[in-house]
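The values are calculated or read from the model by the stated rules, or taken from the named source; none is laboratory data. Since this is a predicted model, take the numbers as computed values, not measurements. Here the Cβ positions follow ideal geometry from the backbone for every residue, glycine too, while neighbour counts run over all protein chains shown. Just so you know, the surface numbers come from the protein's heavy atoms only, side chains and all, with ligands and any DNA or RNA stripped out. Shrake-Rupley method; radii C 1.70, N 1.55, O 1.52, S 1.80 Å.
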Amino acid sequence: MTDPQFVLAERVQQALGTAFGTEYATEDPLIRPSQFADYQANVALSLAKRLRRSPREVAQALLDALDTTDMTAEISGPGFLNLTLDDRWIAEQAVRRLRDERLGVAQATPPKTVVIDYSAPNAAKEMHVGHLRTTIVGDTLTRTHEHIGNRVIRQNHLGDWGTQFGMLIEHLLDIGEEESLRRLAAGDGNAYYQEARHKFDTDPEFQDRSRRRVPLLQGGDPETLRLWHEFIEYTKQYFNHVYTMLGVTLTDDDIAGESMYNPMLADVCEELLREGVAEISEGALCVFPPGFTGRDDTRLPLIVRKSDGGYGYATTDLAAIRYRIRDLKADRILYVVGATQSLHFQMVFAAARMAGWLHDDVSAEHIQIGSVLGSDGKMFKTRSGESIKLTELLEEGVVRAEAVIAERAYDPEVRRQIARQVGMGAVKYADLSVSHDSEYVFDFDRMLALTGNTGPYLQYATARIRSIFRTGSYDPAEATGPIVLGHPAERALALQLLGFGSVVESVAELSEPHRLCNYLFDLAQAFTSFYEGCPVLKAEGEEVRQSRLALSALTLRVLLQGLHLLGIEVPERM
C-alpha cells in the first residue's frame, strides 16, 4: 500500500514507539490533510496530557525519532507535525499506480463472506422513492466488497408473505387473473392494493373470503399457492424493470423473501423457548433483551409468536439472521434498511446474541437509511400526498437530462443514450453523495448541474479527458509516463490520485459510499485545475507532454473505476 496517509501513519507510529515506548506504537497518529503541508500529525496534542509533557515537547520528540526519507517535517502551532512528501516520491508512486490494474486497491486478506440485505420492496405494492436509497446504497456496498475480494451474498428480503395476501388473492380472482397480472407487471401495485383494502374494509363478504384464504395459503393449498406464485412472478417483472433502469446488480437469484423463512419460524420459536431465551408473556412468546425498556421502565418485548399463534417481522428477521450465520456462513451481515427500523434491529441483534447465533466472530450492522425530502422539507410525495412512483421519478430524470444536452449535435439515438446515463447518474450520485443516514432534498436542477458536486460534473470530467486523447490521436492505455512534477497543479493531482485505494477500503469498512463520492469530486476538481494550468497536447516538450498524458490517463481510470463502484455509467461524450 503506497497511500500517503498510510505510509505517514506507519512512520509516525514507528516514531511513537521509538520516542515513548512500544506501548505507544499502536497509537492513532491522527494524520489529516493540512493547508500548510501535505498532511499533519496531530497525535502530540492528544498524547501530551498522558505523557505529562507539553504538546510541542511531544512533537519535538516525535520529530527527532521520525524517519524523514522522501519527506520533510516541521513543528507548527501548538504541536502539529507538518509533513510534506517529496515530489519525486509522489511521481514514482503515481507511475506505480498507472501500472497497477487495481489502482492501489488492496485485496481483502483473508476474504470475508459478506451478506448484504438491501432493496427489499413489498410485493404487494409498487416501488417508490423510499426504495431508491436502500437499493443503490446496498448495490454500491455490494460492488465495493466484491471489488476488494470479499464473497458477497445479495439478499433481497422481498415482502412476499403475510395475511394481506388473502385479500390480494381474492381481489385477483374478482377482477380476473389476466387483468390483475398485467397491472402488477406494469407497476400498478399501490392502486391494486388500495382497491383490495377498500373492499376488505367495506365488504363483509369479501373480508370473510380473504380471511378464509389466509390459512389455505399458509397450509399449502395447491390452487392458492399457484395464484400466489403468479402474483409474485408478475410483481418481480416490475421490480426487475426498475433494477434495469437503475443499473443495479440484483437478479431473481438474489431474492430471499419472507416466504423463504416461513418453514423455519416454528423451529426458531422452539429453539428460543428451549434455550430459555424466550418466555410466554400475556399469551405471546417474547424475548426481553436486557436494556430495552418502554414506559414506566417496563421491559420491552420482542414478540416472536403472537398470542393467536401468528408470526411477525421479528420472527422472520430472527430466522433470517440464524440462516445467514449457520447456513450462509456470514462473517458480516449488512442490513441496508430505513433508519426508522433502528430499534427493531437493535432488539433483533440483541436477541440473536442471547440465542448464541450472533457471536464475536460475526458482525451484524444496520446501515441506517435517511428519508428523501421534497423542497418543502417534508417527506417527498405528490401534491395529493401519495408516494411518488420510482419509475416515474427515474423517467423524469432522463427527460430532464435530455433537455440539458439538447443543444449538442448528437443524433436522436445517441442523445437518448447519453440522457439515460446522465439522468440515472445524477439521481444515484445525489443520493450516494450524502451520508446514508442523513435526509436530503430531492432537487432535479441541482442533481443535473454540470458544476458542483454532482454526477454530471464527474461524467463531464471523464468526457473532457477522453476528448484530450481523441484530439491528439493518443490511446490512454499507451500513456505510461514517466511522470515528472513541475507545476503545483500536477503535484496536487498526483497526490490526490494516490488516495484512491484507502478510500475504497474505507467505504467497505465503514459502509459509507459518500466518502468515495467526496474523493471523486475532489479528484475531478484537481484535474480541472490541472487542465486549466497545465497544457497537455501543447505542453513544452515531449517529456512534459507524455507526463501530463500519463496523469490524465490515470485520472480517467480512477474516475471510471470509482463511478463503476457507485453503479454510475459514463458516456463517451457529453
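Quick one: if you stick a label point 7 Å off each Cα along the C-beta vector at Glu101 and Leu225, how many nm between them?
So the two model labels end up 4.7 nm from each other.
Work out how far the C-alpha atoms of segment 496-574 reach from end to end along every principal axis, then list the three figures in whole Å, largest first.
45, 26, 16 Å, listed from the longest principal axis down.
Provide the descending list of Cα extents for segment 1-71 along its principal axes, expressed in whole angstroms.
Sorted largest first, the three principal extents are 33, 26, 18 Å.
Out of the DSSP beta bridges found with both residues in the chain, what percent are antiparallel (nearest 5)? Provide the component values of the computation, followed by the final result.
Numbers: 23 of 43 bridges.
Of the beta bridges lying entirely in the chain, close to 55 percent run antiparallel.
Label Glu540 and Arg353 with points 7 Å out from Cα along Cα→Cβ: what is the distance between them in nm?
6.4 nm
First measure r as the distance between the Cβ atoms of Ser76 and Asp445, then evaluate 1/(1 + (r/R0)^6) with R0 = 30 Å and state the FRET efficiency to the nearest 0.05.
0.10
Could you pull the Rg and Dmax for segment 215-257, using just the Cα atoms, both in Å?
Answer for segment 215-257, Rg first and Dmax second: 13.2, 39 Å.
Which whole-number value in Å³ per residue fits the convex hull of the alpha carbons of segment 310-375?
Roughly 100 Å³ of hull volume per residue.
Length gain on complete extension for the stretch Asp267 to Val484, per 0.36 nm per residue less the alpha carbon to alpha carbon distance?
Gain on extension, Asp267 to Val484, equals 71.5 nm.
Based on the Cβ-Cβ distance from Ser371 to Leu300, what FRET efficiency comes out when R0 is 25 Å, to the nearest 0.05?
Working: r = 24 Å, r/R0 = 0.98.
According to the calculation, E is roughly 0.55.
Measure off 7 Å from each Cα along the Cα-to-Cβ vector at Glu275 and Ala477, then give the distance between these two points in nanometres to one decimal.
Reported label-point gap for Glu275 and Ala477 is 5.3 nm.
Using the heavy atoms of the protein chains alone and a 1.4 angstrom probe, what is the accessible area of the chain per residue in square angstrom?
45 Å²
Through the Karplus equation 6.51 cos²θ - 1.76 cosθ + 1.60, θ set to phi - 60°, convert the phi angles of segment 191-203 into ³J(HN,Hα) values in whole Hz; use x for Gly and Pro.
Once θ is set to phi - 60°, the couplings for segment 191-203 become 4, 4, 4, 5, 4, 5, 5, 4, 5, 4, 7, 10, 10 Hz.
Could you give the length gained on full extension between Asp86 and Glu146, defined as 0.36 nm per residue of separation minus the Cα-Cα distance, in nm? Can you show the working numbers first?
Details: separation 60, 0.36 × 60 = 21.60 nm, distance 3.42 nm.
Computed gain between Asp86 and Glu146 is 18.2 nm.
Go through Lys389/Lys428; Lys428/Lys538; Lys378/Lys428; Lys306/Lys378; Lys306/Lys389 and tell me which ones have a Cα-Cα distance over 25 Å in this structure.
Lys428/Lys538; Lys306/Lys378; Lys306/Lys389
If R₀ is 45 angstrom, what is the calculated FRET efficiency for the pair Thr69 and Arg197, using the beta carbon separation as r and rounding to 0.05?
0.05
Run the numbers for Glu532 and Thr340: contour at 0.36 nm per residue of separation, minus the present Cα-Cα distance, in nm.
Taking 0.36 nm per residue and subtracting the Cα distance, the gain is 64.5 nm.
Could you state the per residue volume, in Å³, of the convex hull enclosing the Cα atoms of segment 128-167?
Spelled out: Cα convex hull of segment 128-167, divided by residues, is 61 Å³.
Sorted by accessible area with a 1.4 angstrom probe, largest first, how do His366, His487, His198 fall?
His198, His487, His366
Give me the orientation-averaged projected area of the Cα convex hull of segment 91-215, in nm², one decimal.
11.7 nm²
If you line up the long axis of helix 55-65 against the longest principal axis of the chain, both from Cα atoms, how many degrees apart are they, to the nearest 10?
So the inclination is approximately 70 degrees.
In whole angstrom, how long is each semi-axis of the equivalent ellipsoid of segment 182-273, when you take the square root of 5 times every eigenvalue of its Cα gyration tensor and sort them from largest down? Intermediate results must be reported in sequence, preceding the final value.
On the way: eigenvalues 131, 110, 28 Å².
Rounded to whole Å, the semi-axes are 26, 23, 12.
Find which of Ala477, Val7, Gln341 sits farthest along the positive direction of the dipole of the chain, computed with +1 on the beta-carbon of Lys and Arg, -1 on that of Asp and Glu, about the Cα centre.
Working it through, the farthest residue towards the positive pole turns out to be Val7.
Just want to confirm a number: the relative contact order over segment 42-88, from Cα pairs under 8 angstrom separated by 6+ residues, in percent.
Contact order relative to length: 37 percent.
Among 543-550, 120-127, 135-142, what's the highest-first ranking by average C-beta atoms within 10 angstrom per residue?
Highest-to-lowest ranking by the protection proxy: 135-142, 120-127, 543-550.
Going by the alpha-carbon gyration tensor, a ≥ b ≥ c the square roots of its eigenvalues, is segment 1-139 rounded (a/c under 1.5) or, if a/c is not under 1.5, prolate (a/b greater than b/c) versus oblate?
prolate
For segment 11-73, state which GluC sites (Glu not before Pro) are in a DSSP loop and have at most 16 other beta carbons lying within 10 Å of their beta carbon.
Glu27
Using Cα pairs closer than 8 Å and at least 6 residues apart in sequence, work out the relative contact order for the chain, in percent.
Rounded, it is 15 percent for the chain.
Hey, what did segment 257-322 get for relative contact order, percent, Cα under 8 Å, at least 6 apart?
Reported as a whole number, the value is 32 percent.
Normalise the Debye intensity by I(0) for segment 451-511, one equal point scatterer per Cα, no solvent, then take log10 at q = 0.20 Å⁻¹ and round to two decimals.
-1.14
Given H placed on each backbone N at 1.01 Å, which residues far from Ala278 in sequence or on other chains put an amide H within less than 5 Å of it?
For Ala278, the qualifying residues are Leu273.
I'd like to compare 64-75, 404-415: which one has the highest average count of other Cβ atoms within 10 Å, and what's the full order after that?
64-75, 404-415
Per residue of segment 294-299, what does 6.51 cos²θ - 1.76 cosθ + 1.60 with θ = phi - 60° give for ³J(HN,Hα)? Whole Hz please, x for Gly and Pro, Karplus curve as stated.
Karplus-based 3J(HN,Hα) across segment 294-299 equals x, 5, 6, 6, 6, 4 Hz.
For segment 11-154, what % of the accessible area comes from carbon and sulfur atoms, probe 1.4 Å?
46 percent
Roughly what percent of Cα-Cα pairs across the chain reach past 41 Å?
37 percent
Can you put Asp201, Asp431, Asp86, Asp361 in order of accessible area, largest first, using a 1.4 Å probe?
Listed by decreasing accessible area, they come as Asp361, Asp201, Asp86, Asp431.
Angle, helix 500-510 long axis vs. longest principal axis of the chain, Cα atoms, 0 to 90°, nearest 10?
In the chain, helix 500-510 runs at an angle near 30 degrees to the longest axis.
Over segment 345-442, what lengths in whole Å, largest first, do the semi-axes of the equivalent ellipsoid take, defined as the square roots of 5 times the eigenvalues of the alpha-carbon gyration tensor?
On the way: eigenvalues 312, 67, 24 Å².
Those come to 39, 18, 11 Å.
From Cα coordinates alone, what are the radius of gyration and Dmax values for segment 447-560 in angstrom?
Radius of gyration, then largest Cα-Cα span, for segment 447-560: 14.2, 45 Å.
Mind computing the radius of gyration and Dmax over the alpha-carbon atoms of segment 388-454? Å is fine for both.
Just the Cα atoms of segment 388-454 yield Rg and Dmax of 12.5, 41 Å.
Quick one: helix 164-175 against the long Cα principal axis of the chain, what's the angle to the nearest 10°, folded into 0 to 90?
Approximately 70 degrees, to the nearest ten.
Checking the cross-link filter: which lysines have an alpha carbon closer than 27 Å to that of Lys329, excluding same-chain neighbours under 8 positions apart?
Qualifying lysines at Cα under 27 Å: Lys112.
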